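The values are calculated or read from the model by the stated rules, or taken from the named source; none is laboratory data. The model shown is predicted, which means the values in this text are computed figures rather than measured ones. Using ideal geometry, Cβ is built from the backbone for each residue, glycine included, and neighbour counts are taken over all protein chains shown.
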Amino acid sequence: MLNKIKSQMLNLGLKFISVDDKIVRMILETSSSNINEIVLMPAVKIVMKKLVNRLQNKIVHGRVYNGTMNGIKVSIIRSQVGCPNAALTLESIKRSKAKIIVRVDFCGGLNFEKNEIKIGDIVIPKSAYCGDGTSSEYLRANPTLLNRLESITNPLSATQNLIACPSTIFISQPNEILKELLIKEARSLHSSKVKELHIWTTDALFCETYEFIRALNSVNIKAIDMESSILFLLGQLYNLKVASILSVSDLPGDSQYDLLKSNEIHPDMEVGISNAIKTLINVLPKIQHSL
């Protein structure tokens, strides 16, 4: 009887909100009206904490932290790690008045043969290779996207049997205007540390084998993350301006600074993410102007 009463009360309340707002409340624990036009989206706790510490006039609505940075209204929403979580978060955001999403977080740097990328470098992706599983599902459900994306043969096919993997990897791209604003600002502040790269996005952190890294190197991939591909893809699908600014935290395959093989933390790791955050905060007025 009690459960029946609870369900009746819940259904009564749901009559007064839209399905879209219900989805936002389920995922972000607040109303869609509490999300600003510019959203900053970290994935890991340390980056979320650094961003929130820089937020002025802070107001918390469920998982949404609102306030101002450099005089610009923003919402900070932590997606958690991985493309499935990033997609859930962006699906909520697209049901609000948000127009711009900037992912700011860490990535891994791939230094397979040359010393081209270092821990602490700022990486601004010019494209993201969809090596994740979530992007594949969105492409299946929205086949018209296929005509808008470049693709390559999966580089892993050169050395491995791909029975359980896609033979084609599609490539998603950030919003060009937003990407250029981030690059220009980053280079003005930290010119020697800024890299504009193609990155690979994966869901499987613990599957970054030697063969995997070598395959990525063969197609000139120099960095790897776990969220950008789906964010760029959904930005294209939902007509949102999306870009990423990342900092290199570790070097997969490196004997000293591979996150999965060593406990050693490079001193530039925290410097790098602080520089990425500083860049983003500095450029916010120009991002606001691009709305």
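Select from the stretch 57-70 the residues that are touching a Leu at 6+ places or on another chain (Cβ under 7 Å) and either not in a strand (DSSP E or B) or not β-branched (Val, Ile, Thr) (or both) and list them in ascending order.
GLY62, ARG63, TYR65, GLY67, MET69, ASN70, listed by residue number.
Residue pairs, Cβ under 9 Å, 6 or more apart or interchain, first in the stretch 28-57 and without any contact (Cβ under 8 Å) to a residue 24 or more places away in the chain and within 26 Å of HIS289 (Cα to Cα), second hydrophobic (A, V, I, L, M, F, W, C) and buried (at least 17 other Cβ atoms within 10 Å of the Cβ). List them.
LEU55/MET69; LEU55/VAL74; LEU55/ILE76; GLN56/MET69
What pairs come up if the first residue lies in the stretch 154-165 and is on the phi < 0 side of the Ramachandran plot and surrounded by 15 or more Cβ atoms within 10 Å (Cβ to Cβ), the second is among the β-branched types (Val, Ile, Thr) and not in a loop (DSSP other than H, G, I, E, B), and their beta carbons are under 6 Å apart, counting only those six or more places apart or on different chains?
ASN154/ILE169
Give me the residue from the stretch 231-254 that is assigned to a loop (DSSP other than H, G, I, E, B) and of a type in the set (A, V, I, L, M, F, W, C) and, out of that set, nearest to PRO174 (Cα to Cα). Let's see the steps before the verdict.
Initially, the stretch 231-254 is screened for residues assigned to a loop (DSSP other than H, G, I, E, B), giving 239-240, 251-254.
Adding the requirement that they be of a type in the set (A, V, I, L, M, F, W, C) leaves 240, 251.
Numbers: LEU240: 10, LEU251: 24 Å.
This residue is LEU240.
Matching residues to (1) surrounded by fewer than 19 Cβ atoms within 10 Å (Cβ to Cβ); (2) aliphatic (A, V, I, L, M); (3) within 21 Å of ALA243 (Cβ to Cβ):
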| residue | (1), (2), (3) |
| --- | --- |
| ILE38 | no, yes, yes |
| ILE59 | yes, yes, no |
| TYR65 | no, no, yes |
| GLY71 | yes, no, yes |
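Would you call ALA128 among the small types (Gly, Ala, Ser), buried (at least 24 other Cβ atoms within 10 Å of the Cβ) and at pLDDT 95 or above?
Details: among the small types (Gly, Ala, Ser): yes; buried (at least 24 other Cβ atoms within 10 Å of the Cβ): yes; at pLDDT 95 or above: yes.
Considered against the rule, which asks whether it is among the small types (Gly, Ala, Ser), buried (at least 24 other Cβ atoms within 10 Å of the Cβ) and at pLDDT 95 or above, ALA128 comes out as yes.
Name every residue in the stretch 166-191 that is free of Cβ contacts under 8 Å to residues at least 60 places away in the same chain, assigned to a loop (DSSP other than H, G, I, E, B) and surrounded by 13 or more Cβ atoms within 10 Å (Cβ to Cβ), in order of residue number.
Result: PRO166, single match.
Could you tell me whether the stretch 102-114 includes any residue that is at pLDDT 95 or above, surrounded by fewer than 18 Cβ atoms within 10 Å (Cβ to Cβ) and under 16 Å from SER244 (Cβ atoms)?
no
Can you give me the number of residues within the stretch 67-87 that are closer than 19 Å to LYS286 by Cα, without any contact (Cβ under 8 Å) to a residue 40 or more places away in the chain and of a type outside the set (Lys, Arg)?
3
Return yes when TYR238 is within 22 Å of LEU178 (Cβ to Cβ) and over 14 Å from the mean Cα position of the chain (by Cα) and no when it is not. Outline the logic, then answer.
Details: within 22 Å of LEU178 (Cβ to Cβ): yes; over 14 Å from the mean Cα position of the chain (by Cα): yes.
Here the answer is yes, as TYR238 does meet what is asked.
For the stretch 71-117, how many residues meet the condition of being assigned to a loop (DSSP other than H, G, I, E, B), closer than 22 Å to GLU180 by Cα and among the charged types (D, E, K, R)?
So the answer is 2.
Can you name the residue in the stretch 72-106 that is of a type in the set (Ser, Thr, Tyr) and out of contact with any Phe, Trp or Tyr (no Cβ under 8 Å at 6 or more places or on another chain) and, of all such residues, is farthest from GLU137 (Cα to Cα)?
Step by step, filter the stretch 72-106, then rank; the result is SER96.
Is it the case that the stretch 206-223 has a residue that's touching a Ser or Thr at 6+ places or on another chain (Cβ under 8 Å), of a type outside the set (Val, Ile, Thr), in a strand (DSSP E or B) and within 21 Å of SER136 (Cβ to Cβ)?
Kept after step one, since they are touching a Ser or Thr at 6+ places or on another chain (Cβ under 8 Å), are these residues of the stretch 206-223: 208, 211, 214-215.
Adding the requirement that they be of a type outside the set (Val, Ile, Thr) leaves 208, 211, 214-215.
Remaining after also requiring in a strand (DSSP E or B): none.
No, that holds for no residue.
Does PRO84 satisfy the condition of being buried (at least 23 other Cβ atoms within 10 Å of the Cβ) and at pLDDT 95 or above?
no
Check the stretch 137-151 and report whether any residue there is outside any helix (DSSP H, G or I), crowded, with 23+ Cβ neighbours inside 10 Å and of a type outside the set (Val, Ile, Thr). Working first, answer last.
Kept after step one, since they are outside any helix (DSSP H, G or I), are these residues of the stretch 137-151: 142, 149-151.
The next check asks that each one be crowded, with 23+ Cβ neighbours inside 10 Å; those that pass are none.
No: the stretch 137-151 contains no residue that is outside any helix (DSSP H, G or I), crowded, with 23+ Cβ neighbours inside 10 Å and of a type outside the set (Val, Ile, Thr).
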